[in-house]
């Protein structure tokens with residue numbers, strides 16, 4: 001971790017030059033920092049991404065760690081522990097794609113390593129940093145009592161994969177809704193006992209409750225069209241967040257005959273207005289995809305410079321990993 005070093009920019013290294021590696025690199029540049037090194041087992045892919053950003057294509061991950069202040073681990077899940085550990089031992093800040101590791105124990109070990117070497121470790125839970133999510137969390141306290149929250153994520157990411165591949169994709173998506181639950185209701189993941197339905201591979205249907213709040217999560221590789229929506233139901237109305245696009249809509253409609261008649265029209269108008277404003281804003285910011293990623297990376301780099309707090313606390317990330325592991329274990333038992 002770089003403490004008290006308020007440079008205008010930091011040097012970023014990318015391990016894994018696939019889709020997410022490219023988006024991380026773009027977000028680094030958009031946040032005002034520099035990509036200086038890239039590694040990927042596919043030399044052509046590494047060279048292409050490095051060339052786009054005026055960086056060096058390294059033959060090994062160690063070359064990236066040596067060159068960078070912040071290392072982005074965007075390689076497959078099976079490499080996350082090894083690559084993150086190398087960077088943390090060198091005292092580098094690490095931004096790692098989700099899931100951080102294959103088990104909660106491995107995640108705890110990574111954070112212990114980060115603490116031992118005075119380094120930062122940040123999972124890519126970018127939904128938490130979307131403008132829509134942040135606005136929704138600010139408005140929730142004005143909406144009365146939270147009764148229910150749910151996340152519906154239908155993804156096309158498993159297209160062409162077999163049953164095992166579809167299940168892996170669904171479990172890879174799971175940290176996103178779990179991180180949203182923990183941020184919205186701090187400490188909830190430690191208290192919820194999940195009910196996991198016996199569904200086909202790639203279909204996660206999960207319910208639970210924490211005191212007065214019930215929670216529902218659907219992650220589907222078959223549901224169409226692709227959608228990613230977070231919804232809060234409160235005694236004062238409903239807040240809906242479009243996680244694909246990063247905007248929110250508040251419906252404070254009172255219970256009345258007129259309200260019931262007008263609600264479809266008013267809700268549509270609010271959604272169109274919010275979506276249009278969001279589209280203009282994202283175009284102005286040149287944020288064409290993965291809303292929230294740039295904000296997360298900006299906050300991480302500020303923390304690495306000693307200019308802010310870590311954007312995702314270790315305890316929060318560990319609880320997300322623990323919940324995902326428990327759900328994955330329940331799935332395995334159901335499919336045995």
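Coordinate-derived values only; no laboratory data. Keep in mind that this is a model prediction, so the values were computed, not measured. Using ideal geometry, Cβ is built from the backbone for each residue, glycine included, and neighbour counts are taken over all protein chains shown.
Taking 61, 119, 267 as the candidate residues, the one with maximal mean-square fluctuation in a Gaussian network model of the chain, Cα springs under 10 Å, is 267.
For the chain, DSSP calls about 55 percent of its internal beta bridges antiparallel. Rg ratio for segment 245-323: its Cα radius of gyration over 2.2 N^0.38 Å, N being its residue count, equals 1.62. For the chain, averaging the sequence separation of C-alpha pairs within contact (under 8 Å, six or more residues apart) and dividing by the residue count gives a relative contact order of 20 percent. For the chain, the Kirkwood hydrodynamic radius from C-alpha pairs, put into Stokes-Einstein at 20 °C and a viscosity of 1.002 mPa s, yields a diffusion coefficient of 103 µm² per second.
Taken along the Cα-to-beta-carbon direction at a fixed 7 Å, the label points for residue 224 and residue 275 span 1.9 nm. Plainly put, segment 1-108 has a radius of gyration that is 0.95 times its Kirkwood radius, both from alpha-carbon atoms, as the Rg/Rh ratio.
Rg/Rh for segment 131-288 stands at 0.99; both radii use Cα atoms, and Rh follows the Kirkwood definition.
Test of understanding: in a Gaussian network model of the chain with alpha carbons linked when under 10 Å, which of 237, 132, 292 would top the mean-square fluctuation ranking? Among 237, 132, 292, the largest GNM mean-square fluctuation belongs to 237. For the options 42, 150, 242, a Gaussian network treatment of the chain with springs between C-alpha atoms closer than 10 Å singles out 42 as fluctuating the most. The ranking of 69, 162, 172, 30 by Cβ neighbour count inside 10 Å, starting from the fewest, reads 162, 30, 172, 69. Spin-label model, residue 251/residue 145: points 7 Å from Cα along the beta carbon direction are separated by 2.2 nm.
In segment 83-181, inverting the average of 1/r over every pair of distinct C-alpha atoms gives 15.9 Å as the Kirkwood radius.
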